[in-house]
Amino acid sequence: MRKILHIVGNRPQFIKLAVLYNALARDGSLQQQIIHTGQHFDYQMSDIFFEQLDIPLPTLNLNIQNNSANLFIATAAEGLQNYFSENKKSIVFVYGDTNTTLAAAMAAKRCNLPLVHFEAGVRTAELSMPEEINRVLTDRLSDINYCCTKNNLQTMINEGFGSAISSQVILSGDLMLDAFNKIAGARENVTKHKQYVACTIHRAATLSSKDAITNIINALNKINRIIPVVMPLHPHTKKKIAEYGVKPKFTQLFPLGYPAMKTFLANSTNIITDSGGVSREAYFSKKKSLIIMDKPFWPEIITQQCSLNCSPAEFLITEKFNDLHTLTPNFDTNIFGNGNAVLIIQKHLSAYFKSI
């Protein structure tokens, strides 16, 4: 019997994996294995999600733990290719746009295995952005591309997918919405503030720039004078803040597991983030958000006046944050589907398995 190899390496992938893996496990018709590259290896960024989201431990953990993107991709691709070569009757399932995603996509194709990509069709048209390179290449290599939004699907069709490019393209909706709807939040909040701004900053492109981090921290310090800012610190963010010598004057927390993070966002007044995942979770939580990106991954949120975006400039961050109150958001447009992505993917995968 063929089996699905789920390749994961970071927090958002663990969340998407949880709802899909557990649904397929309950159905019982498909065998599954989880392969962890080790891209996120800190307990608070990895192990805690397997514990809290009831995901079995990985069959294989490559434990690469390397911050160099090129070296990580090369090492992960080699390790995955070795494993795939011993599991010829498998389908490789990848999530999102990380270095783990691209490494697995390349390894799958080198082993001539069917490749399935969830979260296809996201585009910013900035090939200098590592995520854009990863997602464009992974989309092109994949046999099946699942799209979270109608905009993503139309992008794929415009690029020739499903016609000139033989890959199947399916509008599935977002597994992160399924997770948000199905996984309960924590009973207690992690902060005692009654009103606060929830903030996350962790994208590699942001952290690689001392100017960007300095501007962001200075802006958050100013906002904190008006309303408390609370930030769970990604380990790499914490390291870079110390390295650059900037001084946060707002509340900092350890990284949060999924239930705690859901409650933290739900109880906030507004959200500031540079994360494609958290910007979606802000939308699910019906919170106005400021996305610190020139070209956000999900412009649909901005079109519905649920969010504003800006580059990492101190004056722009404070200005745009002050403008959030002017938005008239529409949180009921089902941008990311109806919360049934698992069912759509499960049904499609079952039919695909029978066809190969």
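In the stretch 338-348, the residue that is most open to solvent (accessible area, probe 1.4 Å) out of those that are assigned to a loop (DSSP other than H, G, I, E, B) and out of contact with any helix residue (DSSP H, G or I) (no Cβ under 6 Å at 6 or more places or on another chain) is 338. Set side by side, the residues 87, 67 differ, and just one is open to solvent by 60 Å² or more (accessible area, probe 1.4 Å) and at pLDDT below 95, which is 67. Taking the stretch 117-159 as the range and being open to solvent by 10 Å² or more (accessible area, probe 1.4 Å), over 21 Å from residue 99 (Cα atoms) and of a type outside the set (A, V, I, L, M, F, W, C) as the test, the residues that pass are 150, 151, 154, 155, 158, 159. Within the stretch 50-102, the set of residues being of a type in the set (D, E, K, R), assigned to a helix (DSSP H, G or I) and farther than 22 Å from residue 15 by Cα comprises 78 only. Tallying residues that are part of a helix (DSSP H, G or I), within 23 Å of residue 310 (Cβ to Cβ) and open to solvent by 20 Å² or more (accessible area, probe 1.4 Å) within the stretch 234-283 yields 3. Identify the residue in the stretch 1-19 that is closer than 13 Å to residue 91 by Cβ and aliphatic (A, V, I, L, M) and, among all such residues, is modelled with the lowest pLDDT. Applying the filter and picking the extreme gives 1.
One residue alone among 312, 296, 329 is touching a strand residue (DSSP E or B) at 6+ places or on another chain (Cβ under 6 Å), in a loop (DSSP other than H, G, I, E, B) and open to solvent by 30 Å² or more (accessible area, probe 1.4 Å), and that residue is 312. Residues of the stretch 171-202 that are open to solvent by less than 40 Å² (accessible area, probe 1.4 Å) and of a type in the set (A, V, I, L, M, F, W, C): 175, 176, 177, 179, 180, 183, 186, 197, 198, 199, 201.
The values are calculated or read from the model by the stated rules, or taken from the named source; none is laboratory data. This structure is a prediction, so every number in the text was calculated from the model and none was measured. Cβ sites come from the backbone with ideal geometry, for glycine too, and all protein chains shown count toward neighbours. Quick note on the areas: whole protein, heavy atoms, side chains included, nothing else; ligands and nucleic acids left out. Shrake-Rupley method; radii C 1.70, N 1.55, O 1.52, S 1.80 Å.
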